[in-house]
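Here the structure is laid out as structure tokens; the discussion comes afterwards.
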Amino acid sequence: MDDKFVELFQDFRAKEEELIPLLQHVQNVEGFISETAMKRIASFLNIPESKVFSVATFYAQFRFAPIGKKHIMLCRGTACHVKNAPKILDEIENQINIKAGETREDLEYSLETVACIGACSLAPCIVINDEVKANLTTKAVKKIFRDDRKKNG
Ligand code: FES
């Protein structure tokens, strides 16, 4: 086992019930759960890789690709949904050329949909890193990414 994982797992006791806490810990430290991490967790806990994989993919909280420099979370809660969130999602996907759940190859952007972010009066909304963008329209989305492209030259 390489050092990175020895260090990552050092506070765990190699008990099967630690599977979810281990996955959470790896994601907190690494930003996502790689295939290697899943294999290491399986051998650390002495359980089949398929079990780690099926548990990890069952929970929406786990991510399997690194996040981009700008991580976009689109709210798919009810208030946002009825105020056009699906159209906003389409527009964002168009603008950055990836689908929800993906990270762009240049690691500039990643996109995910999340449950209500608690800002329903501002629906529809997204969060880019820690910044909430509220009352969005497709036009506003176009502007956000146009401005971003300008900023990045
Ligand atoms: S439903 Fe989107 S913030 Fe609550």
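Rule-based calculations on the coordinates, nothing more; no lab input. Only a predicted model underlies this, so the values are computations on that prediction, with no experimental measurement involved. All Cβ positions, glycine included, derive from the backbone under ideal geometry; neighbour counts span all protein chains shown.
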- Candidate aspartates and glutamates for bridging to Lys83, where Cα separation is under 15 Å - those fewer than 8 sequence places away on the same chain excluded: Glu91
- Query: How about Lys15: which lysines have a C-alpha closer than 17 Å to its C-alpha, ignoring those fewer than 8 places off in the same chain?
  - Reply: Lys39, Lys51
- Item | Value of relative contact order over the stretch 70-151, rounded to a whole percent, pairs C-alpha under 8 Å and six or more apart | 38
- Ranked by Cβ crowding within 10 angstrom, fewest neighbours first, how are Val6, Val127, Val132 ordered? Val6, Val132, Val127
- Item | Over the chain: Kirkwood hydrodynamic radius from C-alpha pairwise inverse distances, Å | 17.0
- Note the full-extension length gain between Phe58 and Val6 as 0.36 nm times their separation in residues minus their Cα-Cα distance, in nm to one decimal. 16.2 nm
- Message: If exposed means no more than 14 neighbouring beta carbons inside 10 Å and the site is in a DSSP loop, what's the longest run of the chain without any exposed trypsin sites (Lys or Arg not before Pro)?
- Response: 100-153
- Query: Taking a threshold of 21 Å on the Cα-Cα distance, which of the pairs Lys87/Lys133; Lys69/Lys139; Lys87/Lys150; Lys4/Lys70 fall above it?
  - Reply: Lys69/Lys139; Lys87/Lys150; Lys4/Lys70
- Could you give the distance between the Cα centres of the stretch 1-53 and the stretch 78-144, to the whole Å? 31
